[in-house]
Amino acid sequence: MKKIIFLLFAVAGMAAQAQFTLGVNSGLSHLNHNGEKRNEYLYTLSPGLILGYRVADHLTVGITGNISYMCNGDRYEVPENPPAQPGEYPNYYDTKYSCDEVLLWNAGVYARYDIPLTGHLSLFAHLTAGYGNTYSRHVAEKLIYNPSTQSYDSRTTKRNGDNIIASMHADLTPGVSYRFNSHLSADLYLNVLSLSYCHYTVNTRKGGSSKVSYNTTSFGTQNYLMWVFLMDSYQLMTSPAQLSSFNIGINYTF
């Protein structure tokens, strides 16, 4: 009986000393290019959630999940009601707006090692391994000439992408953390210095037998030329650490 009581007190003491951390973080990026009669832009948003348990003084392990959204769009200056003679350009149409959208979800585990610098400031290394899926679609708004009204009608079409991409990835990201008190802290993830590896498989949505696998290794975030390649082929949209130069996070420890 004494042994059972001792074990119960030991377990209760360990639970009282346990430190669980619940945190949210997100990255945001935006690119914009204004040309003659055309406005091109690209933005990403990648909110994430972590739940960790401190297993040692400086080591925390846990689970994590992310949802990332990308949009690469073009807006054109197209006159909606240009002069037209009856019967002129009966099949004429022009694009007013188009965009490629990508939605990515990731789930996995993580390990984090903190290196204290002062009583409040520390550096950390954040290692994540997970699995995810990527979906895409194309949206376009076109102006179509209507001979009966001699004007242009707007028509919006949406088409799902031909491929679904499954990915397994590992990311090592450094960062800086500031602790306000024993419970509240803020993180700055330096994605611009992250190292990422990914294995992904491209499956055709129409149920065909085509399946292609790739492996990629990258350092840092993607530049504009890589973004263009990414939006055309969806082959690099696999890791949240690649989407923005920085992530900002808030954590609560209890």
* To do: Find how much the distance from F254 to I164 grows on full extension, using 0.36 nm per residue of separation minus their present alpha carbon separation; answer in nm with one decimal.
  => 28.5 nm
* Structure fact -> Contour minus Cα-Cα span, L184 to Y43, at 0.36 nm per residue, comes to 47.8 nm
* Asked: How much accessible surface area, in Å² rounded to 10, belongs to the heavy atoms of T44 with a 1.4 Å probe?
  -> 0
* **Solvent-accessible surface (1.4 angstrom probe) belonging to Y53, in square angstrom, nearest 10** => 90
* Asked: Contour minus end-to-end for A129 and Y53, with contour as 0.36 nm per residue of separation and end-to-end as the Cα-Cα distance?
  -> 25.7 nm
* Set of aspartates and glutamates near K211 by C-alpha distance (under 20 Å), chain-local residues within fewer than 8 positions excluded -> D162, D232
* Structure fact -> With a Förster distance of 25 angstrom and the Cβ-Cβ distance between H30 and H138, calculated FRET efficiency to the nearest 0.05 equals 0.75
* Structure fact -> If R0 = 25 Å, then I115 and F20, at their Cβ-Cβ distance, give a FRET efficiency to the nearest 0.05 of 0.75
* To do: Provide the solvent-accessible area of R38, counting protein heavy atoms only and rolling a 1.4 Å probe, rounded to the nearest 10 Å².
  => 100
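The values are calculated or read from the model by the stated rules, or taken from the named source; none is laboratory data. Source: prediction; values computed, not measured. Glycine gets a Cβ as well: all are built from the backbone with ideal geometry, and neighbour counts include every protein chain shown. Note: areas computed on protein heavy atoms with side chains; ligands, DNA, RNA excluded. Shrake-Rupley method; radii C 1.70, N 1.55, O 1.52, S 1.80 Å.
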